[in-house]
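Since every read-out is calculated from the coordinates, none of them should be taken as a lab result. Bear in mind the structure is a predicted one, so any value in this text is a computation, not a measurement. FYI the Cβ positions are ideal-geometry reconstructions off the backbone, even for glycines, and counts take in every protein chain you see.
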Amino acid sequence: MQTALRTTLPETELASRANFVPQARVVREERQEERQAQTTGLPLSIRGLRKSFVDNEVLRGIDLHIPAGQFVAIVGKSGCGKSTLLRLIAGLEKFEAGSISFGQDVQPEDIRVMFQEPRLLPWARVLANVEVGLGRDRSSGDAHARAEKALTEVGLADKRDQWPSVLSGGQKQRVALGRALVSRPRVLAFDEPLGALDALTRISMQRLLERVWRDQGFTAILVTHDVSEAVALADRVLVIDEGRIAHDVTVNAARPRERGSAELASLEGSILSHLLSAEDRT
Amino acid sequence: MSLIDSVSLPRSFRLPRVDGLIQWIVPLAIIAIWQVASVTGFVPTRVLPAPSDVVLAGWKLLLSGELVRNIWVSFWRASIGFLIGGGIGFAFGLANGLSQLSAKLTDTTLQMVRNVPHLALIPLVILWFGIDESAKLFLVALGVFFPIYLNTLHGIRTVDPQLIEMGRIYGMTDSELFRRVIFPGALPSIFVGIRFALGIMWLTLIVAETIAASSGLGYMAMQAREFMLIDVVVLSILIYALLGKLADSASRVLERLTLSWHPAFQKR
Ligand SMILES: Nc1ncnc2c1ncn2[C@@H]1O[C@H](COP(=O)(O)OP(=O)(O)OP(=O)(O)O)[C@@H](O)[C@H]1O
Ligand SMILES: [Mg+2]
């Protein structure tokens, strides 16, 4: 009950919480404790990863370590292999050389992907669509309850009996997020999940992403075209160029972050210039 | 989908209560005009009997039990032929849509057979089965087979691959994937096949019954022609039309029930 209440607080709560009276600080400390207890993220190590399609060498040796629970954003020009890297991490494709390890044996339910398209089943109600995310636990007795909890987390509890076709683009994407979260994944990979949304919906979705990440402590890997989104959300931004990680930029700004602050803007500027110089070379 | 959306009328144009009645205005008007034309002698009854005469003929046949028996025989042939042909078509559609091997093995052959108009087989079928029940069932089943086969196959092959990938990512087993993703995705197309097949079903049955039968509506019409009972001939034609409409309505109801998720079927 407590979780449900807390997660339905308005989006603005994150940004303005710092200004609250001590009462609010108590809630915040509780939450951080809980987060540590819940840190379920998995670390991810990639060594010498290579992948080609026919005669097109897309990834030419990726070396990367992501500590458990980190939020990493991946940027790079179109066609540089961001989606390919994500699909490899999620186990959707095979690679020629290198290794990907999570430090221990993982269950399929531990790793989830979210795409730019919501990929909801049009013939299943919203709640049933979220239940799909339970994987092998779909038919267990508490499936309904777990799906409902995930729907509440993404703020769509009242839409549980709707068909997906009546939802807005942002709502569909939130259902897809609920579906990805319902199995309590330990690694969550996002492939431009907000790419098709309008600016305002995007910002509210970014806040939602940050909030569920803070609540659940999974390791987040976000592929995005939007550098300002990357610096607003991530602990670390990776720039991919010519099949390798060309830049690895740490974002130290404290959370909750203030959008458009000078610190973030200058980081954004330097990452953009990396991207543009890569663009100029081609 | 966008095509369907653009076709459906905006709210203000709909008259929900009268909706069901509106479609009957034109047929009723035609019957009224026809009756007037017959009574005034504008259309000679030799050419076309008055609707009242047709109804009268129907009433007589109904009392003698002949009408019900013939309708029942035709209805039985249509349903059994449809179930056999549709069932086999559906099975092949599933098999070839889901299995590459099965498709390679049988699809080309089936596509070749499809190009033979099934009614052209009537002489051969009479030689094989005589004018037995099996002749009619065979023809109906053959006619119904292809629309259902083709549309089931098409439906399964065009299920959104992104949804299938999603199902696999979320750990669906093959049977679960079929039940939750592939079959519901193919259903709209399968219904298109069923509607086509129902049309072909009646057409085949009419032809088969007029040529080679000793009972049924088509046979009743042919008998009446020999005795110059034009009212019975017209009656048979009208009953065929009515049965066709009935079958179509039944499939629409089924469609509405099973495709309630589809934007085209949602109450506006
Ligand atoms: N299944 C495939 N078969 C052949 N080539 C592919 C396949 N998938 C991706 N590629 C190629 O691999 C390269 C990288 O594709 P990828 O989708 O990873 O790019 P991306 O960085 O995600 O681009 P974008 O930002 O536009 O989404 C592209 O040149 C693409 O043509
Ligand atoms: Mg991509």
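Laid out as a table, the results:
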quantity	calculated
Dipole axis of the protein assembly as shown (+1 Lys, Arg; -1 Asp, Glu on Cβ), positive-most option in A:GLY135, B:ILE211, A:ILE62	B:ILE211
Gain upon complete extension [B:LEU203, B:ARG225; 0.36 nm per residue less C-alpha separation]	6.0 nm
Helix-only mean residue ellipticity at 222 nm for chain A, each DSSP H run of n ≥ 4 adding -39500 (n - 2.57), per residue, nearest 500	-12000 deg cm²/dmol
Chain A - share of DSSP beta bridges that are antiparallel (%, nearest 5)	50
For segment B:199-208, 3J(HN,Hα) per residue [Karplus equation, 6.51 cos²θ - 1.76 cosθ + 1.60, θ = phi - 60°, Hz, x = Gly/Pro]	x, 5, 4, 5, 4, 4, 5, 4, 4, 5
Low-density loop positions, GluC sites (Glu not before Pro), segment A:65-148 - DSSP coil, at most 16 other Cβ in 10 Å	A:GLU93, A:GLU96
Filter on A:LYS82/B:LYS104; B:LYS136/B:LYS245; A:LYS77/A:LYS172; A:LYS172/B:LYS245 - keep pairs with C-alpha separation over 31 Å	A:LYS82/B:LYS104; A:LYS172/B:LYS245
The protein assembly as shown, Rg to Rh (Cα coordinates; Rh as Kirkwood inverse mean 1/r)	1.14
Cα centroid of segment B:222-249 to Cα centroid of segment B:36-67, whole Å	12
Segment B:163-245: chymotrypsin sites (Phe, Trp or Tyr not before Pro) in DSSP coil with no more than 12 other Cβ atoms inside 10 Å	B:PHE227
Backbone N within segment A:62-96 under 19 Å of label point (7 Å from A:GLU242 Cα along the Cβ vector)	A:62-64, A:75-82
Net charge, B:GLU255 excluded, C-beta distance under 11 Å - Lys, Arg +1, Asp, Glu -1	+2
Value at 222 nm in deg cm²/dmol, rounded to 500, when DSSP H runs of n ≥ 4 in chain B each add -39,500 (n - 2.57)	-25500 deg cm²/dmol
Relative contact order (%) - segment A:120-185, alpha-carbon pairs under 8 angstrom, separation at least six	48
Largest-first ellipsoid semi-axes for chain B, taking √(5λ) over the Cα gyration tensor eigenvalues, angstrom	40, 28, 13
Cα centroid of segment A:207-282 to Cα centroid of segment A:147-181, whole Å	27
Neighbourhood charge, 10 Å Cβ-Cβ cut-off, centred on B:LYS136 and excluding it, Lys, Arg +1 and Asp, Glu -1	-2
Fluctuation leader among B:ILE190, B:ILE31, B:ILE148 - chain B, Gaussian network, Cα springs under 10 angstrom	B:ILE31
